[in-house]
Amino acid sequence: MKISIYGAGNQKFYIEELKLQEKLGGEPPFGGGAMAIEFARAGHDVVLSEPNRDVMDEELWRKIEEAGVKVVRDDTEAAKHGEIHLITRTFSENTIKSIKNILQHIPKDSVIAICDSTPVIMIYSNVERELRFMRKDVGLVSMCPNAIPGTGMYSRYVIGHKSLDGEEYSTEEQFNRCVDLVKSINREVVIKPIDLVPLITGLSTHITTVTLSGILNYYRMKSLITEDGEKISEREVLYVLQTISAILETSSIRGLIKALDVDLLIENAKASKLLDEQEDLEAAIHVLSNLSKEFSREVEKCEVKPISVVASQALVEEIRRTVGGAAADGVINRCKKKFLT
């Protein structure tokens, strides 16, 4: 297959700052560079687009090129090549601009695979116009490695193209093309709903893991000291998460910390440590107790904006019931775009 990869990975950062070899094993190049080598060695026709040659030394570039990878500096050139387009660059404000540029040049029926933990739903909502009116033939897939490619822990890809509400972001053929690509390099394929892929891959797993651990320990504690049913505990967890989410959405992380009053939160959290198993609570208290002075000053300056705490899925259902049809879909899609604005 013809494969285009966007982003070789900042090898100097991986090697010198993150020290990936020491922590996770493997050998450079890591990230997009490693993927390019692997796909080329499996017999695919690979083009790697990287405008900044300084992200790695010439020895690593030679390693990539000797594997049969064509290296270019222009995304447009790479876009004209592939039937599968792998976006490996860390998400930034330029990602949407880059995808819109790629969409102007990629061959018919191509599929764009997002290879970091950026939610495809967020990306789709910001390129929906282009996909609906200019490039209906192009599909979007989430295709995230379980670890940074090239490291010792890298062994599988989590892939998705259908959302939990049944929406499809690519055709079955485009999705299977990505599955076949992963199988061709003897990596395991794990298929998940496209909404869930960002929760269980990449750096986002830190948030998911810590949050889920806290919820489960909360359930355990509640079951030991009260007779509340699980349904009551779920409602309490839902309220906490929805409130945190609402403040974060309107007032940023600094506004959230200011609204919660971190000193009061720490004091009360210490008083709620009743079980030896609540090690996650101890770790959280340690983090909150060691905020930098500069960050704390920024928190004090932050404005906490008004919010309405609601159960989000109940609100969605109410909109569908009272508004209905295309109008309801329009409201919901516009709200999805708010993740990036």
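The values are calculated or read from the model by the stated rules, or taken from the named source; none is laboratory data. Note that this is a predicted model, so its numbers are computed, not measured. Cβ atoms come from the backbone with ideal geometry, glycine included; neighbour counts cover every protein chain shown.
For the stretch 219-276, how many residues are under 26 Å from the mean Cα position of the chain (by Cα), surrounded by fewer than 16 Cβ atoms within 10 Å (Cβ to Cβ) and of a type in the set (Gly, Ala, Ser)?
Adding up the residues that qualify gives 1.
Can you say whether residue 207 is buried (at least 16 other Cβ atoms within 10 Å of the Cβ) and under 26 Å from residue 333 (Cβ atoms), as far as the supplied structure shows?
No; evaluated as a whole, the condition is false for this residue.
Answer with yes or no whether residue 69 is within 23 Å of the chain's Cα centre (by Cα) and crowded, with 20+ Cβ neighbours inside 10 Å.
It is false that residue 69 is within 23 Å of the chain's Cα centre (by Cα) and crowded, with 20+ Cβ neighbours inside 10 Å.
Hey, could you check the stretch 168-184 for residues that are within 18 Å of residue 87 (Cβ to Cβ) and assigned to a loop (DSSP other than H, G, I, E, B) and say which is farthest from the chain's Cα centre (by Cα)?
For the stretch 168-184, the residue satisfying everything is 170.
Just wondering, is there one or more residues in the stretch 328-340 that are in contact (Cβ under 8 Å) with a residue 40 or more places away in the chain, surrounded by 11 or more Cβ atoms within 10 Å (Cβ to Cβ), basic (Lys, Arg) and farther than 27 Å from residue 128 by Cα?
no
Determine whether residue 207 is of a type in the set (A, V, I, L, M) and touching a strand residue (DSSP E or B) at 6+ places or on another chain (Cβ under 7 Å).
no
Filtering the stretch 228-243 down to residues that are acidic (Asp, Glu), in a helix (DSSP H, G or I) and modelled with pLDDT under 90, which residue is nearest to residue 313 (Cα to Cα)?
234
Filter the stretch 303-327 for residues that are in contact with a helix residue (DSSP H, G or I) (Cβ under 6 Å, 6 or more places away or on another chain) and in contact (Cβ under 8 Å) with a residue 40 or more places away in the chain and give the result.
Those that are in contact with a helix residue (DSSP H, G or I) (Cβ under 6 Å, 6 or more places away or on another chain) and in contact (Cβ under 8 Å) with a residue 40 or more places away in the chain: 304, 305, 307, 309.
Surrounded by fewer than 24 Cβ atoms within 10 Å (Cβ to Cβ) and in contact with a Lys or Arg (Cβ under 8 Å, 6 or more places away or on another chain): is that true of residue 53 in this structure?
Yes.
Got a sec? Which helices (runs of 4 or more DSSP H) wholly within the stretch 249-341 have at least 3 residues that are farther than 23 Å from residue 122 by Cα?
262-271, 279-288, 293-301
Determine whether residue 165 is outside any helix (DSSP H, G or I) and among the charged types (D, E, K, R).
Against the criterion (outside any helix (DSSP H, G or I) and among the charged types (D, E, K, R)), residue 165 qualifies.
Test residue 284 against the criterion of being at pLDDT 90 or above and farther than 19 Å from residue 242 by Cβ, and give yes or no.
So residue 284 fits the description; yes.
Inspect the stretch 314-325 for any residue being hydroxyl-bearing (Ser, Thr, Tyr) and over 25 Å from residue 167 (Cβ atoms) and give the result as yes or no.
no
Six or more apart or on different chains, Cβ under 6 Å: which pairs go from a residue in the stretch 198-212 that's free of Cβ contacts under 8 Å to residues at least 24 places away in the same chain and in a helix (DSSP H, G or I) to one that's of a type in the set (Ser, Thr, Tyr) and buried (at least 16 other Cβ atoms within 10 Å of the Cβ)? Could you list them?
Within 6 Å, no pair qualifies.
Determine if the stretch 87-101 includes at least one residue that is assigned to a strand (DSSP E or B) and in contact with a Phe, Trp or Tyr (Cβ under 9 Å, 6 or more places away or on another chain).
yes
Under 9 Å between Cβ atoms, at least 6 apart or on separate chains: pull out the pairs that start in the stretch 134-154 with a residue that is part of a loop (DSSP other than H, G, I, E, B) and end on any residue that is surrounded by 18 or more Cβ atoms within 10 Å (Cβ to Cβ) and of a type in the set (Asp, Glu).
Hits for this filter: 149/38; 150/38.
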